[in-house]
Amino acid sequence: MPYPSDRERDRPWVIRTYAGHSSAEKSNALYRRNLAKGQTGLSVAFDLPTQTGYDPDDELAKGEVGRVGVPVSHIGDMRALFDGIPMAEANTSMTINAPAMWLLALYVAVADEHSADRTRLAGTTQNDIVKEYLSRGTYVFPPGPSMRLITDMVAWSVTELPRWNPINICSYHLQEAGATPEQELAYALCTAIAVLDSVRDSGQVPPERFGDVVGRISFFVNAGLRFVEEMCKMRAFARLWDDITRERYGVQDPKQRRMRYGVQVNSLGLTEAQPENNVQRIVLEMLAVTLSRDARARAVQLPAWNEALGLPRPWDQQWALRMQQVLAYETDLLEYEDLFAGSHVVEAKVAELVEGARAEIDRVQEMGGAVAAVESGYMKGRLVTSLAERRRRMESGETVVVGVNRFDSTEPSPLQAEGAAAIETVDPATEAAAIEAVRAWRAGRDAAAVQGALDALRDAAKTDTNLMEASLACARVGVTTGEWSGVLREVFGEFRAPTGVGAAVVSADEGAATEIAAVRERVRAAGEEIGSKLRMLVGKPGLDGHSNGAEQVAVRARDVGFEVVYQGIRLTPSQIVAAAVQEGVHVVGLSVLSGSHLEVVPAVVDGLRAAGADDVPVIVGGIIPPEDAAVLRERGVAAVFTPKDYRLTEMMGGIVDLVLAAHREGR
């Protein structure tokens, strides 16, 4: 998909939508429709089992198959995903991290079957595991082995896939997890330093080719509504990256030092209340990363207006695509040099951001770098604290969110007149079909060839051999995602990242402090009536790793006097039930954002009943349509909270009422 050749205009960015669901076949049809509508790049969304290295028939995959993306379990799925799409001409972004090497191996193996020239393959694997430990939660292995996988991919790609971006340093989710602009800049750049140092120190790339490594590092950023500050952030980003690559790594070629980044604007900033307001939010956020030619994104994907409600339909994605096309082709934005060159206001803000980010970079480097700051919990604690401060400002009204905490009177929305039909739904039969298909795939393979490839991968993982070729060999003989990941789990082990809850420090204004104190007194009095301090278990069932909401609930529950049990993400319903019984909790709070709530939440309720703890109320928070909330209540859930229920202290008061009601009913 070539760029326009008109030399009087800046070339448009790669126009993408983030898409994939249900199955490889259905996602392929969606991609082909979007390309026909003028999309110039693909952005593949994988489902959570794929992102965390599980096959569809694994216990942890229950309820998650095909929901937030496409399941890719083996080379057959990758063939179906790109059927009819010329891979040598495509520009493909894959949002994949812990098993990024595996998905790249599948992609390259299929491209080889297409006889596509590897030197022409263009695209990106996100492959930023540091931010997964901090914000998004799809990590698998400990930081050291994870960095080894990234290093091997980068070193292999420089030679084999010279147009591929083997890593997309991703500050996007850091902002969603609470990062200030300075923290977003600092932590993303510290991750880049950790990766480049690892590649350099591995000895896999000759020193004279290290500039090629730097030139293939890309970034993926978030753009919020403070679009002047966001634009200045990107100018600061480019300045800092140029300085680091020149001073730390001695890269002399300005083209190799150029910061190349893609963007998706802030999905978690979209509101469930008055969702039509999300349209103008998306447009304004897009301007933040396109207005400044000197710091313009080279790829953009926009969320749909209704992503706070559920999975967007093809029509909703088309609307997001047309927003980009109108800006790129109807306006005169691309006809001018940088609009902000020489602005003293912009320069002052950029200088402020650069200074703040450099100070935080220095702090992290003094700790031993990004990996050490993950393992110690420093960065996670800082993000949880920043997000708590952001929530405090919203709850107090200091930060205005139109339609949520101000201007909340509304007319019925014609965009939502269809009710549940206003979002895409995944057929419940999808998961059963995927399970049957992966079992049939395993039965039809050459078992000896599969075992040989897995043994070779296991042996290579125990040495410092680059693992890309062993992974490609696994892909070609039909190894599955769960099998590839399982071998590396055996060798590398697994990891549970710090939650950051214990390290969070939260300030409160006078009004918030008074409200918290009042609820704290109610918690104390309820504990006296029950005969023990109130205990709440906050749980993340299934594979959903977006833990920001759960962490904020845990912090607020702690602040109002609950004893909080929070073990982090990726728990089975049976593990949550066992923890609730063992800890003797008085309430269980579950957080689910992936759409699996109708499967995993009733499993917890039923498990508590079977364990004789049916007097423990279960509450649920997440992206839950009203129709599903009604079903959950029928299944025994005591209360359902969605993003519109943003007043956490008020929510805690309601939870105290539920605990007392359950206790009094059980006497």
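Of note:
- Extension reserve of the Arg363-Arg79 stretch, reckoned as 0.36 nm per residue once the Cα distance is removed: 97.7 nm
- Its DSSP H runs of at least 4 residues, each contributing -39,500 (n - 2.57), put the calculated 222 nm mean residue ellipticity of the chain at -15500 deg cm²/dmol, to the nearest 500.
- Which of Ile435, Leu467, Thr481, positive extreme of dipole for region 399-486 (C-beta unit charges): Leu467
- Student exercise, region 122-163 dipole from Lys, Arg, Asp, Glu Cβ charges, in Debye to nearest 20: 100
- Residues whose amide H lies under 5 Å from that of Val14, counting only those 5 or more places away or on a different chain, are Ala299, Val300; hydrogens are built 1.01 Å from N in the peptide plane.
- Expressed to the nearest 5 percent, the antiparallel share of DSSP beta bridges inside the chain is 0 percent.
- Its Cα centre serving as origin, region 392-466 has a Cβ charge dipole (Lys and Arg +1, Asp and Glu -1) of approximately 340 debye.
- Annotation for Leu415 and Glu469: the two label points, set 7 Å from Cα along the Cα-Cβ direction, are 5.3 nm apart.
- Cα centroid separation, region 120-155 to region 358-421 (Å): 23
- For Phe46, distant residues with modelled amide H under 5 Å away: Val70, Thr95
- Estimated at the nearest 10 Å², the accessible area of His114 is 90 Å² with a 1.4 Å probe.
- Using 0.36 nm per residue and subtracting the Cα-Cα separation, the extra length available between Phe407 and His344 on full extension is 19.2 nm.
- List Tyr31, Tyr336, ordered by accessible area with a 1.4 Å probe, largest first: Tyr336, Tyr31
- Karplus-derived 3J(HN,Hα), 6.51/-1.76/1.60, for each residue of region 259-264, Hz, glycine and proline x: 7, 10, 9, x, 8, 10
- With a Förster radius of 41 Å applied to the C-beta separation of Arg520 and Glu634, the computed FRET efficiency comes to 0.80.
- A straight line joining the Cα centroids of region 589-667 and region 270-314 runs 31 Å.
- Distance violations [Cα-Cα > 26 Å] among Lys233/Lys380; Lys380/Lys462; Lys37/Lys233; Lys255/Lys380; Lys131/Lys540: Lys380/Lys462; Lys37/Lys233; Lys255/Lys380
- For region 353-441: rounded, prolate or oblate by the Cα gyration tensor [a/c cutoff 1.5]: oblate
- Under a 5 Å amide H cut-off, with hydrogens placed 1.01 Å from N, Thr124 pairs with Thr92, Ser93, Met94, Asn165 among residues at least 5 apart or on other chains.
- The chain: DSSP helices with Cα axial extent of at least 24 Å and average Kyte-Doolittle hydropathy no lower than 0.0: 143-160, 181-202, 648-666
- Solvent-accessible surface (1.4 angstrom probe) belonging to Met367, in square angstrom, nearest 10: 80
- In nm, spacing of pseudo-spin labels at Thr399 and Val326 (7 Å Cα→C-beta vector): 2.7
- D by Stokes-Einstein for the chain, Kirkwood Rh over Cα pairs, 25 °C, 0.890 mPa s: 95 µm²/s.
- Nearest-20 debye value, region 507-631 charge dipole, Cβ charges on Lys, Arg, Asp, Glu: 300
- Per-residue packing, averaged as other Cβ atoms within 10 Å, sorts the ranges 446-452, 80-86, 573-579, 32-38 into the order 573-579, 80-86, 32-38, 446-452, beginning with the highest.
The values are calculated or read from the model by the stated rules, or taken from the named source; none is laboratory data. Fair warning: this is a prediction, and the values are worked out from it, not measured in the lab. No Cβ is skipped: glycine too gets one built from the backbone with ideal geometry, and neighbour counts run over all protein chains shown. Note: areas computed on protein heavy atoms with side chains; ligands, DNA, RNA excluded. Shrake-Rupley method; radii C 1.70, N 1.55, O 1.52, S 1.80 Å.
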